[in-house]
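The structure under discussion appears below in the form of structure tokens.
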Amino acid sequence: MKIYDRMISERKQIAERFRSEGNGEAARIIGSKERELKKIQSEAYQKVEEIRGEADAKATEIYAVAYNKNPESVAFYEFLKTMETYKKVIDPATTLILSTESEVFKYLKGIHPATGSAVK
């Protein structure tokens, strides 16, 4: 019976060694995978930012050409950018006090309240 117990003990030790080696190899593979994943994500982010920068530059070029054709286009572009800025920096709880001489007031005065369209 002691020989049988000793054989079982030896087999358990061998099995534990294999498990330990397998766990070590698994940890190495997972670490390698994580490093590779971070590298791929970093490269992808860099590429996205490059593409976004190129697209922004092209859009700016297109806007410049389109809005610099005549004075009315320039004024409209300035107004549009002003409205976009207001939308970004003013939250819904903000109260605006506008002079009756301001360009924004003149524009808002010309909007029909029910439909939101400009009054002619």
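State the number of residues belonging to segment 97-114 that are among the aliphatic types (A, V, I, L, M), in a loop (DSSP other than H, G, I, E, B) and at pLDDT 65 or above. Explain how you work it out, then say what you get.
Filtering segment 97-114 down to residues among the aliphatic types (A, V, I, L, M) leaves 97-98, 104, 108, 111, 114.
Next, from what is left, pick out any that are in a loop (DSSP other than H, G, I, E, B): 97-98, 114.
Subset that is at pLDDT 65 or above: 97-98.
Result for segment 97-114: 2.
Where residues in segment 90-104 are acidic (Asp, Glu) and exposed (fewer than 10 other Cβ atoms within 10 Å of the Cβ), which of them is farthest from the chain's Cα centre (by Cα)?
101
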Practice problem: Would you confirm whether any residue within segment 44-55 is more than 18 Å from the chain's Cα centre (by Cα) and free of Cβ contacts under 8 Å to residues at least 12 places away in the same chain? | Solution: no
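Is it the case that residue 21 is surrounded by 10 or more Cβ atoms within 10 Å (Cβ to Cβ) and within 30 Å of residue 81 (Cα to Cα)?
Details: surrounded by 10 or more Cβ atoms within 10 Å (Cβ to Cβ): yes; within 30 Å of residue 81 (Cα to Cα): no.
Criteria not met by residue 21.
The values are calculated or read from the model by the stated rules, or taken from the named source; none is laboratory data. The shown structure was predicted, so the numbers you read here are calculated from the model rather than taken from an experiment. Please note: Cβ atoms are built from the backbone with ideal geometry, for glycine as well, and neighbour counts cover all protein chains shown.
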